[in-house]
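Visitor: Input: one structure, supplied below.
The values are calculated or read from the model by the stated rules, or taken from the named source; none is laboratory data. Worth saying up front: this structure is predicted, and the values here are computed from it rather than measured. Here the Cβ positions follow ideal geometry from the backbone for every residue, glycine too, while neighbour counts run over all protein chains shown. Note: areas computed on protein heavy atoms with side chains; ligands, DNA, RNA excluded. Shrake-Rupley method; radii C 1.70, N 1.55, O 1.52, S 1.80 Å.
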There are 2 protein chains.
Amino acid sequence: MNPAHLQATHLSGPVLVIGTGLLGASIGLGLRARSVDVVLSDPSPSAQAVAQDIGAGRALDPGEELSPQLVVVASPPDVTARVVSQALRDYPSAVVVDIASVKASVLSELQQDPALEPADLARYIGTHPMAGREKSGPVAARGELFTSMPWVLCPNEQTSAVALKTAQALAIDLGAVVSKMSVDEHDASVALISHLPQVMSSLLASRLQDTEPHALSLAGQGLRDVTRIAASDPALWVQILGANAAKLVKILYGVREDLNRLIGTLEHPEATGARLDLAQLISEGNAGQARIPGKHGAPPQSFAWLTVLVDDRPGQIAQLLTEIGEVGINLEDLRLDHSSGQDVGMVEISVLPSRRQELIDYLDSHGWKVLQ
Amino acid sequence: MNPAHLQATHLSGPVLVIGTGLLGASIGLGLRARSVDVVLSDPSPSAQAVAQDIGAGRALDPGEELSPQLVVVASPPDVTARVVSQALRDYPSAVVVDIASVKASVLSELQQDPALEPADLARYIGTHPMAGREKSGPVAARGELFTSMPWVLCPNEQTSAVALKTAQALAIDLGAVVSKMSVDEHDASVALISHLPQVMSSLLASRLQDTEPHALSLAGQGLRDVTRIAASDPALWVQILGANAAKLVKILYGVREDLNRLIGTLEHPEATGARLDLAQLISEGNAGQARIPGKHGAPPQSFAWLTVLVDDRPGQIAQLLTEIGEVGINLEDLRLDHSSGQDVGMVEISVLPSRRQELIDYLDSHGWKVLQ
């Protein structure tokens, strides 16, 4: 392996991380695990202190003249462009990346910034690690947050080869899967696959606010799944939705059109064509859902499921999975399916279709209740 | 225990199951496991033959005069009332239940049926087992389908005590958790907790139909969760949505109002109050989501989560769960968190909050990578 290649795929540091919330502190932790020198900076001294305490990096030494290889701006989306601009001027030989979840607004603010030269923008590249948690703050940080997750790089017209390579090195050092898109492609993509689901989940969940408890007692896994992300942080999502408003609203026009058609159909369920309209809505949902890739980028529905009934006591699921491991069959996915009131559960297991029958036979012969 | 009590909570049979799809055949299988005499009937001879072959019950013997204790109508929603009416007349001493997922439309059709006497309706009770699978047909049937799931009984004004007790015995014999509501309460409840999520999931998923694959490659668990039920069967859902149209459309008016407000806000994201509007949408979603009960009817968010990093090879998760079982800690919930491209996964585990730290210490000391 030649040194040039090493340099291209690994960071040498130092790396300055500005903003030590969940993502900034997680980046610091991940890089420290690779022994990269990480310097932390946050407008909140207490957030910075927590990040230092958990080992995400160090403070600037008194009198130290920092010359970072890379500055990672992990500030709230609202102030990202301003912080990037300042970093480009403060560290004239550093590459500067940001990790905000919307990219076009940051870039256009930077391109219109009178304090910046075109040469400065050559050192900037917008990026977006597709990772997060329902919790926030440096206490929730973890170095493995980006492992196996997509990390999108959005080079602009000015971005230099060095800047692109450095951003790539950051993502690779943190175990992420790199992909590259224009800022517009990125923002259109996340509007659809991230911002739209958030909005739909919130719109649905907000309908549950004033429900009678007896109705909610009938809730099953379907409702739980569709509303899980409705628990997200309002402060963060205000900034994300605001910054990608134009892209998101275009998609919502389509949703509104479909919703209006559905409402019209439900107002006259006996009318000619009503059943066809309803069938079309569900079928179109089938078609869209079938396009979502599965785990490891596998085509959707390429795994076979089976269900095993277990008692709800310690060790039962472990025992089951131990026996599955003994046959040498890899678990592709697993879900626990429970409902209110009783202490029995179903474990749904997905495996490669070619191994399914073998596993069923094995579990059957070992006394498990397998529901095919 | 006195015999009267026994009689009240268990079926003696014979039970006639009309309609041998997924639910009818599953009811047959579950009752056969309790040695109840089950007779099957389906307009499709091949569906009935499959149901018999898997052991869901027997055909009527030639020349046999059947006098069932209970008739379970498991026909498609569309024809349910007609089949119930016929069964009430064919078996004048039997209790007749149906299991359609919408209740008011069936009852009102029966009440207006000139072929029925009020005395007939005393033997009828509408019910709804909240269970299902993404697959359909008798091949997908399993006797444990109703285990731990809610089974709603909707007695009408005429329903006799015997009919109510018999329906209760059916649900209990199949391991379900019985609850009781009026038909109107039931239909309003399922409109909100079942039909609305289906519609929102389908509306969202249908937007993915014409997307570029590169956008979908960024899809994470959030999108997968929100769209899972969009894979549901159009033929069945046309009937369900049509039958509960009036209740569902009222809720959709509220969704449309919220959606219109959101679109207005996103069209002018810089306007005064825009940020407040967005924050309110997400906060209201938070509030609604927090009201959904968890597993075993526990209050939501009463479990503590931790995350463990595992290699994606056979036996890893089993090994982990075995060690958790060794500490005697019960797993409350579990999810595998993966994304495209790499062979490392995260196992998210929920346990009672009081056991969380203990488990973290234990796993840490056994060499697992725990992400708190």
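Visitor: Taking segment B:129-179 as the region of interest, how many residues are over 17 Å from the mean Cα position of the chain (by Cα) and facing chain A (nearest Cβ under 9 Å)?
Guide: Of the residues in segment B:129-179, 1 are over 17 Å from the mean Cα position of the chain (by Cα) and facing chain A (nearest Cβ under 9 Å).
Visitor: Out of B:GLY132, B:GLY137, report the one residue that is touching a residue at least 60 places away in the same chain (Cβ under 8 Å), open to solvent by 30 Å² or more (accessible area, probe 1.4 Å) and closer than 15 Å to B:GLY24 by Cβ.
Guide: Numbers: B:GLY137 fails: open to solvent by 30 Å² or more (accessible area, probe 1.4 Å).
Of the residues listed, the single one that is touching a residue at least 60 places away in the same chain (Cβ under 8 Å), open to solvent by 30 Å² or more (accessible area, probe 1.4 Å) and closer than 15 Å to B:GLY24 by Cβ is B:GLY132.
Visitor: Further, regarding this structure: Kindly list the number of the only condition in (1) aliphatic (A, V, I, L, M); (2) in a loop (DSSP other than H, G, I, E, B); (3) within 19 Å of the chain's Cα centre (by Cα) that fails for B:ALA219.
Guide: Looking at each condition in turn, B:ALA219 falls short on (3).
Visitor: Taking the condition of being in contact (Cβ under 8 Å) with a residue 24 or more places away in the chain and more than 7 Å from chain B (Cβ to nearest Cβ), how many residues in segment A:237-249 meet it?
Guide: Total meeting the criteria: 5.
Visitor: Which of the numbered conditions does A:ARG32 fail, given that it passes all the others? Conditions: (1) open to solvent by 20 Å² or more (accessible area, probe 1.4 Å); (2) in contact (Cβ under 8 Å) with a residue 60 or more places away in the chain; (3) more than 26 Å from the chain's Cα centre (by Cα).
Guide: The one condition A:ARG32 does not meet is (3).
Visitor: In segment B:199-227, what count of residues is obtained for those that are of a type in the set (S, T, N, Q) and more than 7 Å from chain A (Cβ to nearest Cβ)? Walk me through how you get there before you give the answer.
Guide: Going through segment B:199-227, the residues of a type in the set (S, T, N, Q) turn out to be B:201-202, B:206, B:209, B:211, B:217, B:221, B:227.
Now drop any that are not more than 7 Å from chain A (Cβ to nearest Cβ), which leaves B:221.
Residues meeting the conditions: 1.
Visitor: Considering only residues that are surrounded by fewer than 19 Cβ atoms within 10 Å (Cβ to Cβ) and either facing another protein chain (nearest Cβ under 7 Å) or in a helix (DSSP H, G or I) (or both), which ones fall in segment B:262-273?
Guide: Start the filter on segment B:262-273 by keeping residues that are surrounded by fewer than 19 Cβ atoms within 10 Å (Cβ to Cβ), which leaves B:263-264, B:267-268, B:270-273.
Correct list: B:ILE263, B:GLY264, B:GLU267.
Visitor: Of A:GLU117, A:GLU109, A:GLU65, which residue is open to solvent by 50 Å² or more (accessible area, probe 1.4 Å) and within 26 Å of the chain's Cα centre (by Cα)? It would help to see each step written out before you state the result.
Guide: Numbers: A:GLU117 fails: within 26 Å of the chain's Cα centre (by Cα); A:GLU65 fails: within 26 Å of the chain's Cα centre (by Cα).
Of A:GLU117, A:GLU109, A:GLU65, the one residue that is open to solvent by 50 Å² or more (accessible area, probe 1.4 Å) and within 26 Å of the chain's Cα centre (by Cα) is A:GLU109.
Quick grid of which residues meet (1) open to solvent by less than 40 Å² (accessible area, probe 1.4 Å); (2) among the polar types (S, T, N, Q); (3) out of contact with any His (no Cβ under 7 Å at 6 or more places or on another chain):
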position: A:ASP37; (1), (2), (3): no, no, yes
position: A:GLN48; (1), (2), (3): yes, yes, yes
position: A:GLY57; (1), (2), (3): yes, no, yes
position: A:ASP90; (1), (2), (3): no, no, yes
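Visitor: Could you tell me which of the residues B:LEU259, B:LEU276, B:LEU248, B:LEU241 is closer than 30 Å to A:ASP233 by Cβ and open to solvent by less than 10 Å² (accessible area, probe 1.4 Å)? Give the steps one after another, and end with the answer.
Guide: On the way: B:LEU276 fails: open to solvent by less than 10 Å² (accessible area, probe 1.4 Å); B:LEU248 fails: closer than 30 Å to A:ASP233 by Cβ; B:LEU241 fails: closer than 30 Å to A:ASP233 by Cβ.
Testing whether each residue is closer than 30 Å to A:ASP233 by Cβ and open to solvent by less than 10 Å² (accessible area, probe 1.4 Å) leaves just B:LEU259.
Visitor: Any idea which of A:ILE193, A:ILE229, A:ILE172 is touching a helix residue (DSSP H, G or I) at 6+ places or on another chain (Cβ under 6 Å), open to solvent by 30 Å² or more (accessible area, probe 1.4 Å), outside the structural domain of A:ARG335 (by TED's automatic domain parsing) and not in a strand (DSSP E or B)?
Guide: Working: A:ILE193 fails: open to solvent by 30 Å² or more (accessible area, probe 1.4 Å); A:ILE229 fails: open to solvent by 30 Å² or more (accessible area, probe 1.4 Å).
Of the residues listed, the single one that is touching a helix residue (DSSP H, G or I) at 6+ places or on another chain (Cβ under 6 Å), open to solvent by 30 Å² or more (accessible area, probe 1.4 Å), outside the structural domain of A:ARG335 (by TED's automatic domain parsing) and not in a strand (DSSP E or B) is A:ILE172.
Visitor: Please go through segment B:274-308 and pick out each residue that is modelled with pLDDT under 80 and at the interface with chain A (Cβ under 7 Å from one of its Cβ atoms).
Guide: Passing the criteria: B:LYS295, B:HIS296, B:GLY297.
Visitor: Return yes when B:THR211 is outside any helix (DSSP H, G or I), β-branched (Val, Ile, Thr) and open to solvent by less than 50 Å² (accessible area, probe 1.4 Å) and no when it is not. Explain how you work it out, then say what you get.
Guide: Working: outside any helix (DSSP H, G or I): yes; β-branched (Val, Ile, Thr): yes; open to solvent by less than 50 Å² (accessible area, probe 1.4 Å): yes.
Against the criterion (outside any helix (DSSP H, G or I), β-branched (Val, Ile, Thr) and open to solvent by less than 50 Å² (accessible area, probe 1.4 Å)), B:THR211 qualifies.
Visitor: Moving to a separate point now. Looking at segment B:16-29, is at least one residue among the aliphatic types (A, V, I, L, M), under 16 Å from B:GLN168 (Cα atoms), modelled with pLDDT under 95 and in a helix (DSSP H, G or I)?
Guide: no
Visitor: Take the residues in segment B:180-189 that are more than 7 Å from chain A (Cβ to nearest Cβ) and within 15 Å of the chain's Cα centre (by Cα); name whichever of them is surrounded by the fewest Cβ atoms within 10 Å (Cβ to Cβ).
Guide: Selected residue: B:ASP187.
For (1) assigned by TED's automatic domain parsing to the domain that holds A:GLN168; (2) closer than 22 Å to A:ASP184 by Cα; (3) touching a Gly at 6+ places or on another chain (Cβ under 9 Å), each residue gets a yes or a no:
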residue: A:PRO68; (1), (2), (3): yes, no, yes
residue: A:ALA74; (1), (2), (3): yes, yes, yes
residue: A:ALA94; (1), (2), (3): yes, no, no
residue: A:VAL106; (1), (2), (3): yes, yes, yes
residue: A:GLU109; (1), (2), (3): yes, yes, no
residue: A:PRO114; (1), (2), (3): yes, no, no
residue: A:PRO118; (1), (2), (3): yes, yes, no
residue: A:THR127; (1), (2), (3): yes, yes, no
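Visitor: Of everything in segment A:70-79, what is assigned to a loop (DSSP other than H, G, I, E, B) and surrounded by fewer than 20 Cβ atoms within 10 Å (Cβ to Cβ)? Give them in sequence order.
Guide: Taking segment A:70-79 and keeping what is assigned to a loop (DSSP other than H, G, I, E, B), we get A:74-76.
Selection gives A:PRO76 alone.
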